[in-house]
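Worksheet: one structure, shown below.
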Amino acid sequence: YYAPAADFLEKLNLPFHAALCRHAAFRLLFDLKRAKEALESLPDMSLSFEEEKLLADLRQQMDELARELPEDADKWDERISRLGAWIQELYWGIEIAFTQGSWLEFLGRIIRFTETILQLVLEKQFKIPAANIGQIFVFAQIIQKNYDVSIVDALRKLPTKTNLNMLHKIAEEIMRQRLDIVNDEMRAVAEFAQTIEPLIPLRNHSILGHGFRGVGEEEIARQIGRRVGATQNLLEACLNVLESLRVLKVENPYEMIRQVVLKALQ
């Protein structure tokens, strides 16, 4: 609803607030270039201290999100922090999709969220990049050699190879074969991924994958074997895993924008 809100606010001659909503609309789509441009295109105007601070915070967040993930060992903490920022963005998008009842969007973001938290927890522990299929195979080879975990053949036997199912398989095999190197974060993420796994066929048969099947709240609940409150439980599970990973560090920018806009309309 941020894009229509931006159009409405422009008609009310509220260019600052329209720009904030335009920024949020592009940001939700991870169109970071246009999200940043929405903030930079503002004409000179008098802003309150609160508005100036919000604008500065949003611009800083855009700069951080737009940077490439470093792969140097001496910048590993920065890489993990950047992954955490992307995970925060995904969670806020999940929350908004839930509020709006946009279940296809909810499903897609939940699955992308799962892939990214698996990447984060594995990279954080082993300090090896695993951002694409090539890197994930190399990751598996190194773990197999250094930790005596049989992983590579298990990956090769996967009928389809995606970042998500490969990362999940690596986490599963480490937990099955080497519990002594499994930490609480990996355990929490693997448990969450297990909960999400039944939703993957639903995604694959929707327009997010290779089909045209519609996605509603009932279908999501049915796939995970629950009825009442299933999507609410998934949202809470996302928040719980974020807390386990200690990822949520800044206030929700979408909620901050919403509050500033509501204040202007009042």
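Failed condition for I143, given (1) touching a residue at least 12 places away in the same chain (Cβ under 8 Å); (2) of a type in the set (A, V, I, L, M, F, W, C); (3) closer than 26 Å to Y91 by Cα, with all others met?
Against the list (1) touching a residue at least 12 places away in the same chain (Cβ under 8 Å); (2) of a type in the set (A, V, I, L, M, F, W, C); (3) closer than 26 Å to Y91 by Cα, I143 comes up short only on (3).
Please identify the pairs in which a residue from segment 184-208 that is at positive phi and of a type in the set (S, T, Y) has its Cβ atom under 6 Å from the Cβ atom of a residue that is modelled with pLDDT of 90 or more and buried (at least 16 other Cβ atoms within 10 Å of the Cβ), counting only partners at least 6 apart or on another chain.
As it stands, the answer is none, since no pair meets every condition given.
Looking at I196, I133, I151, I143 in this structure, which one is over 25 Å from N240 (Cα atoms) and under 23 Å from the mean Cα position of the chain (by Cα)? Write out each step before concluding.
Details: I196 fails: over 25 Å from N240 (Cα atoms); I151 fails: under 23 Å from the mean Cα position of the chain (by Cα); I143 fails: under 23 Å from the mean Cα position of the chain (by Cα).
Going through I196, I133, I151, I143 in turn, just one is over 25 Å from N240 (Cα atoms) and under 23 Å from the mean Cα position of the chain (by Cα): I133.
Looking at segment 16-51, which of its residues are in contact (Cβ under 8 Å) with a residue 60 or more places away in the chain and either surrounded by fewer than 12 Cβ atoms within 10 Å (Cβ to Cβ) or farther than 19 Å from L262 by Cβ (or both)?
Residues satisfying the conditions do not exist here.
Within segment 3-15, how many residues turn out to be surrounded by 21 or more Cβ atoms within 10 Å (Cβ to Cβ) and free of Cβ contacts under 8 Å to residues at least 40 places away in the same chain? Steps first, answer last, please.
If we filter segment 3-15 for residues that are surrounded by 21 or more Cβ atoms within 10 Å (Cβ to Cβ), which is where we start, we get 6, 9.
Next cut, free of Cβ contacts under 8 Å to residues at least 40 places away in the same chain only: 6.
Selection size over segment 3-15: 1.
Pairs, please: C-beta under 7 Å, at least 6 apart or cross-chain, first residue within 21 Å of K127 (Cβ to Cβ) and in segment 147-170, second surrounded by 18 or more Cβ atoms within 10 Å (Cβ to Cβ) and among the basic types (K, R)?
Partner pairs satisfying both residue conditions: L155/K169.
Name the residue, out of L42, L47, L29, L9, that is touching a Cys at 6+ places or on another chain (Cβ under 8 Å) and not aromatic (F, W, Y).
L9
Which one is farthest from N204 (Cα to Cα) among residues in segment 131-161 that are surrounded by 15 or more Cβ atoms within 10 Å (Cβ to Cβ) and polar (S, T, N, Q)?
Q144
How about segment 62-88: which of its residues are under 19 Å from L245 (Cβ atoms), touching a helix residue (DSSP H, G or I) at 6+ places or on another chain (Cβ under 8 Å) and of a type outside the set (A, V, I, L, M, F, W, C)?
E64, R79, R82, G84, Q88
Which numbered condition in (1) of a type in the set (A, V, I, L, M); (2) at pLDDT 95 or above; (3) touching a Pro at 6+ places or on another chain (Cβ under 7 Å) is the only one that I224 fails?
(2)
Any idea which of T162, T195 is under 21 Å from F113 (Cα atoms), hydroxyl-bearing (S, T, Y) and out of contact with any Asp or Glu (no Cβ under 9 Å at 6 or more places or on another chain)? Break it down into steps so the answer makes sense when it comes.
Details: T162 fails: out of contact with any Asp or Glu (no Cβ under 9 Å at 6 or more places or on another chain).
Of T162, T195, the one residue that is under 21 Å from F113 (Cα atoms), hydroxyl-bearing (S, T, Y) and out of contact with any Asp or Glu (no Cβ under 9 Å at 6 or more places or on another chain) is T195.
Regarding segment 47-59, can at least one residue be identified that is in contact with a Leu (Cβ under 9 Å, 6 or more places away or on another chain), among the small types (G, A, S), more than 19 Å from L242 (Cα to Cα) and in a helix (DSSP H, G or I)?
No, there is no match, as no residue in segment 47-59 is in contact with a Leu (Cβ under 9 Å, 6 or more places away or on another chain), among the small types (G, A, S), more than 19 Å from L242 (Cα to Cα) and in a helix (DSSP H, G or I).
Hey, among I128, I110, I80, which residue is of a type in the set (V, I, T), part of a loop (DSSP other than H, G, I, E, B) and surrounded by 14 or more Cβ atoms within 10 Å (Cβ to Cβ)?
Values: I110 fails: part of a loop (DSSP other than H, G, I, E, B); I80 fails: part of a loop (DSSP other than H, G, I, E, B).
After ruling out the rest, the residue left standing is I128.
Search segment 77-105 for residues that are under 21 Å from G209 (Cα atoms) and without any contact (Cβ under 8 Å) to a residue 24 or more places away in the chain and pair each with any residue that is surrounded by 18 or more Cβ atoms within 10 Å (Cβ to Cβ) and aliphatic (A, V, I, L, M) when their beta-carbon atoms are under 6 Å apart and the residues are at least 6 apart or on different chains.
E105/A97
Quick check on I142: is it touching a Phe, Trp or Tyr at 6+ places or on another chain (Cβ under 9 Å) and under 22 Å from D74 (Cα atoms)?
yes
The values are calculated or read from the model by the stated rules, or taken from the named source; none is laboratory data. None of these values were measured; they are calculated from a predicted model. Neighbour counts are summed over all protein chains in view; Cβ atoms, including those assigned to glycine, are modelled from backbone coordinates with ideal geometry.
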